[in-house]
Amino acid sequence: MIDLHSHILPGIDDGAPDLATSLDMARAWVADGVSVLACTPHILPGLYHNTGPEIRVAVTALQRELDDRGIPLYLVTGADNHVIPEFVQGLRSGHLLSIADTRYVLVEPPHHIAPPRMEDLFFNIMAAGYVPVLTHPERLSWIKTHYDVVRRLARRGVWMQITAGALTGSFGRSPLYWGERMLDEGCVHILATDAHDMRGRPPVLGEGYERAARRVGAKEAEHLVYTRPLAIVENRPPSSVPMPTPVSAGCEVTYAKNGSSVGERKRERSADRGVFAGVRGVSERLQRLFG
């Protein structure tokens, strides 16, 4: 499995407080069957003042610690990028980070207040050549009053990431309901742990996979934890990846006549011009990991 949302880096946000916790978390991921992990600390103005360059240094340092201890977990860079007005500018400058320097980028909205002009924000990110991945929408306190917006975003090509712990009930009834409903309606693209520690927010991707499989079947559950996450770290276009389909009435991503989603051709041209650097090395490492 591949987990693309974690707070494993020590002492950088509200995740792992120290290296010992990071190492325990890494061992737990490996024991659970995870081979590739995105390190995605918060970048949140006013609270977590992390930057892209600082995160890269921290990932390199933690990978060295894992390698020295023989822990077979391959780390890639990323960030839980909080919504800001200059989001695209932050990506282009390197202050914000996409996942493994690909076209896919985690976007974290405010938890209790729906951001104004949210659809415009995601449109601008896509128009700049990225695929936004909305993090843990099932846990947002405003999802009930804005669920139609979430569904429209999914139809228009925004990827949705729900939390494994939400499907196990760890976050309460509301996130469980919305997580299951989004799965049923074909609105979920990837499953991730968003793990912060070993007690309150542990790595439980395997358990989340099992809960998802009961609801949408083993094949779609595999897409949630392996097929689509692998496509992300390999920077493959969404049009090359199997999309989620509804179990019940719901949302499906619409594609243009040539098989590409809206804005996809623009993203592919941007990628071809070398906007997303460093992906080849990641792909080569993944090929060695997964054969």
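Couple of notes before you dig in:
- Multiplying the residue separation of Leu19 and Thr168 by 0.36 nm and subtracting their alpha-carbon distance yields 50.9 nm.
- Relative contact order, whole percent, for segment 2-290 stands at 19, derived from Cα pairs under 8 Å and 6 or more residues apart.
- As a length-normalised measure over Cα pairs under 8 Å and 6 or more apart, the relative contact order of segment 1-69 settles at 35 percent.
- Under 12 Å, Cβ to Cβ, from Val149 - net charge with Lys/Arg +1 and Asp/Glu -1: +3
- When Trp29, Trp142, Trp178 are arranged by Cβ crowding within 10 Å, least crowded first, meaning fewest neighbours, the order is Trp142, Trp178, Trp29.
- Per-peptide average of other Cβ atoms within 10 Å, ordering 135-141, 76-82, 20-26, 59-65 highest first: 76-82, 135-141, 20-26, 59-65
- Calculated SAXS-style log₁₀ I(q)/I(0) at q = 0.12, 0.15 Å⁻¹ - segment 2-290, Debye, Cα scatterers: -0.69, -1.16
- For segment 111-128, putting each phi into the Karplus relation 6.51 cos²θ - 1.76 cosθ + 1.60 with θ = phi - 60° gives couplings of 6, 10, 10, 5, x, x, 6, 4, 5, 5, 4, 5, 4, 5, 5, 5, 5, 7 Hz, in residue order, rounded to whole numbers and with x for Gly and Pro.
- Among Gly78, Ile113, Ala38 - extreme Cα towards positive end, dipole of segment 36-154, charges at beta-carbon: Ile113
- Beta bridge orientation in segment 2-290: antiparallel %, DSSP, nearest 5: 10 percent
- Taking amide hydrogens as placed 1.01 Å from N in the peptide plane, the amide H of His82 sits under 5 Å from those of Ile43, Glu108, each at least 5 positions away in sequence or on another chain.
None of the figures in this text is laboratory data; all of them are computed from the coordinates on show. Just so it is clear, the model here is predicted, and its values are computed rather than measured. FYI the Cβ positions are ideal-geometry reconstructions off the backbone, even for glycines, and counts take in every protein chain you see.
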